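The structure appears right after this line, and notes come after that.
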Amino acid sequence: MKGENQAHRKPDELSEVRRIVLEYLRPWRVRVYLFGSQARGDVTDLSDIDIALLPEGPVPVDWLSGLRERLEESLVLRHVDVVDLRTAGSELSHKIREEGVAWSD
């Protein structure tokens, strides 16, 4: 990861979020990006986990709510913010393109 700061990261939580997201999205073609403090490496105890998603094909109507529900039911204590890049504003999309780290299996 760019600028990764091992002293402040909670790798178990981030790894668990990555596992949940990639497993849930496996049936569909969706690009996944980590962005925000977790991607920049300036994580604090109050930092959330920011994930951006960009479907490359059809996805069910409830795909995003299903993923959010799966994350809320997990043991991850940090808040996970999930953004659909198709509906994100241009400023946020630019920020994600600049600092985002792609996740894949």
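Below are the figures for this structure:
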{"quantity": "Hey, Asp81 surrounded by 17 or more Cβ atoms within 10 Å (Cβ to Cβ), under 15 Å from the mean Cα position of the chain (by Cα) and charged (D, E, K, R) or not", "calculated": "no"}
{"quantity": "Residues of segment 69-80 that turn out to be touching a residue at least 40 places away in the same chain (Cβ under 8 Å) and not small (Gly, Ala, Ser), as a count", "calculated": "7"}
{"quantity": "Residue match in segment 44-58 (condition: surrounded by 10 or more Cβ atoms within 10 Å (Cβ to Cβ) and more than 14 Å from the chain's Cα centre (by Cα))", "calculated": "no"}
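Values in this text are rule-based calculations from the coordinates and carry no lab data. Remember, predicted model here, so these are calculated numbers, not experimental data. Cβ atoms come from the backbone with ideal geometry, glycine included; neighbour counts cover every protein chain shown.
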